[in-house]
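Structure, as structure tokens:
Derivation of every value follows stated rules applied to the coordinates shown; laboratory data play no part. For clarity, every value in this text was computed on a predicted model and none was experimentally measured. Don't worry about glycine lacking a Cβ; one is built from the backbone with ideal geometry, like all the others, and counts go over all protein chains shown.
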Amino acid sequence: MLAWNAQLYSRFEDERTRPAADLLARVALPSDTAYVVDLGCGPGNSTELLAQRFVQARVLGVDQSQDMLAAARQRLAHVHFEQGDIAQWQAPLHNGRLPDLIFANAALQWVPDHHALLPRLMGMLAPGGVLAVQMPDNRDEPSHRLMREVAALQPWAAEIGDPHALRTDLLALNDYYDVLARDAQVDAWRTAYQHPMDSAEAIVQWVSGTGLRPFLQPLPSDLQTSFVAEYTRRIDAAYAPRSDGRRLLAFPRLFLVARRPI
């Protein structure tokens, strides 16, 4: 099984951190906020934004991957990190209180049953607390559609199984609003970032750290190599060079900021 690789994930850190900064900019909490959690913190790039914004807060980073946590601890020695599975995670108390902010940047798309997950996370907030979520919404983009197309072909299909079952289906934006708005004030939006990439191979490197992982995990090394080769060929055809020779990668993302009543 392929483990999360912090070094591979961080190759496009600026592009991955930009949505986290945009999400945090819409979080209306004071600078003296006491307790914030970065849920699915990865190598600590989003955690660093929280630590810089809330300098007086107890900042807790949570991730399932030991490799990601090791990178985060090296980056932010003054921040507390712990291993945890979001699907079962319960917010620990700090000085007898629940978090003022649960921040989840590009993490919840790996966790099923959002109808139950999001209200559960909202219930872990202190009164007046905020749940801030950003998720890639790119299943229908060529970058991800082509993963499923290749995975449906032999010899890879025999090892991978149903390619549509490898990632949690996101709800529509209106449905997320309905799930959260019963008990919170909600700000929801969708943005499609446009990332200039040097080559088709660069696009493949990007998704190799995230979305491509579940397709490669079931494959032996020789089939991993052939899968990536066929996928790269199709990416090269799908993303034509622009006038500067680069490929423009569209990356839609969904944002939710929900504030619990005081």
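When each of the peptides 13-25, 180-192 is scored by how many other beta carbons lie within 10 Å of its residues on average, the order from highest to lowest is 13-25, 180-192. The angle between the Cα long axis of helix 66-75 and the main principal axis of the chain comes to about 60°, on a 0 to 90 degree scale. Restricting segment 129-216 to GluC sites (Glu not before Pro) that sit in a DSSP loop and have at most 16 other Cβ atoms within 10 Å of their own Cβ leaves nothing.
Stretched out straight at 0.36 nm per residue, the stretch from Asp178 to Glu13 would grow longer than its current Cα-Cα span by 56.2 nm.
Give me the dipole magnitude in Debye, nearest 20, for segment 6-259 about the Cα centre, with unit charges on the beta carbon: positive for Lys and Arg, negative for Asp and Glu.
Value, rounded to 20: 380 debye.
Counting Lys +1, Arg +1, Asp -1, Glu -1, what net charge surrounds Ala157 among other residues with beta carbon under 13 Å of its beta carbon?
On the way: positive: Arg148; negative: Glu149, Glu159, Asp162, Glu230.
Cβ neighbours under 13 Å give a net charge of -3.
What relative contact order, as a whole-number percentage, does segment 6-259 give when Cα pairs under 8 Å and 6 or more residues apart are counted?
20 percent
Taking Cβ atoms as reference points and 10 Å as the exclusive limit, the residues near Asp236 contribute a net charge of +2, counting Lys and Arg as +1 and Asp and Glu as -1. Annotation: peptides 229-237, 82-90, ranked by per-residue average of other Cβ atoms within 10 Å with the highest first, follow the order 229-237, 82-90. In terms of surrounding Cβ atoms within a 10 Å radius of their Cβ, Ile262, Ile102 rank from fewest to most as Ile262, Ile102. Here the spin labels are modelled as points 7 Å beyond Cα on the Cα-Cβ line, and at Ala152 and Glu230 they lie 1.3 nm apart.
For segment 180-239, the square roots a ≥ b ≥ c of the C-alpha gyration tensor eigenvalues yield an a/c of 1.5 or more together with a/b not exceeding b/c, which makes the shape oblate. Here the label points at Asp32 and Asp140, each 7 Å from Cα along the C-beta direction, are separated by 4.7 nm in the simple model.
Once both labels are positioned 7 Å from their Cα atoms along Cα-to-Cβ, the gap between Ala21 and Asp222 label points is 4.7 nm. Taking the number of Cβ atoms within 10 Å of each Cβ as an exposure proxy, the fewest-first ranking of Phe103, Phe215, Phe54 is Phe54, Phe215, Phe103.
For the chain, the share of DSSP beta bridges that are antiparallel, to the nearest 5, is 55%. Cβ-to-Cβ counts within 10 Å put Ser143, Ser65 in ascending order as Ser65, Ser143, the fewest first. Electrostatic bookkeeping for Leu223 treats Lys and Arg as +1 and Asp and Glu as -1; over the other residues with beta carbon under 11 Å from its beta carbon, the sum is -3.
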